[in-house]
Amino acid sequence: MKNATDSELLARLTDASKHLVAVLEKRDWERLGVIDQRIRECLQEMAGRDDLSDEILLVKQQLKQLHGQAIKACGEVCENFRQILLTHLDYAEGRSAYLRIDLLRDEK
């Protein structure tokens, strides 16, 4: 490790990685935003640096893979919600149609 700043960066990346694993296991999507912000801060700190240690680069790569898994899992959850909402919409439209038919019958 070159210096204390790099040691601290590595510790923050490792911590973010551990928390991201926990978020994925628990599917704690609210907490994901906090972890995502930590990752962003680390990436901004690393931007433009070409002197990163192999340890930092390895943890960064692992974190990138985990983040990809998180994005995929979030996408699946969003799709499930979308399907649920479409189902509710279909039921609401069906109910509305039945109510209109009932109203038309009552008018006659």
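In this structure, is residue 48 outside any helix (DSSP H, G or I) and among the small types (Gly, Ala, Ser)? Yes.
For every residue, the table says whether it meets (1) in contact with a Phe, Trp or Tyr (Cβ under 9 Å, 6 or more places away or on another chain); (2) free of Cβ contacts under 8 Å to residues at least 40 places away in the same chain; (3) part of a helix (DSSP H, G or I).
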position: 20; (1), (2), (3): no, no, yes
position: 23; (1), (2), (3): yes, no, yes
position: 43; (1), (2), (3): no, yes, yes
position: 52; (1), (2), (3): no, no, no
position: 74; (1), (2), (3): yes, no, yes
position: 85; (1), (2), (3): no, yes, yes
position: 94; (1), (2), (3): no, yes, yes
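Determine whether residue 26 is of a type in the set (D, E, K, R) and under 13 Å from the mean Cα position of the chain (by Cα). When the stated conditions are applied, residue 26 passes them.
Any idea which residue in the stretch 1-18 is nearest to residue 77 (Cα to Cα), counting only those that are free of Cβ contacts under 8 Å to residues at least 40 places away in the same chain and in a helix (DSSP H, G or I)?
18
Read-outs throughout are calculated quantities, based only on the coordinates presented, and are distinct from any laboratory measurement. Predicted model, so just to flag it, every value in this text is computed and none were measured. For neighbour counting, all protein chains shown are included, and Cβ atoms are generated from backbone atoms with ideal geometry for every residue, glycine included.
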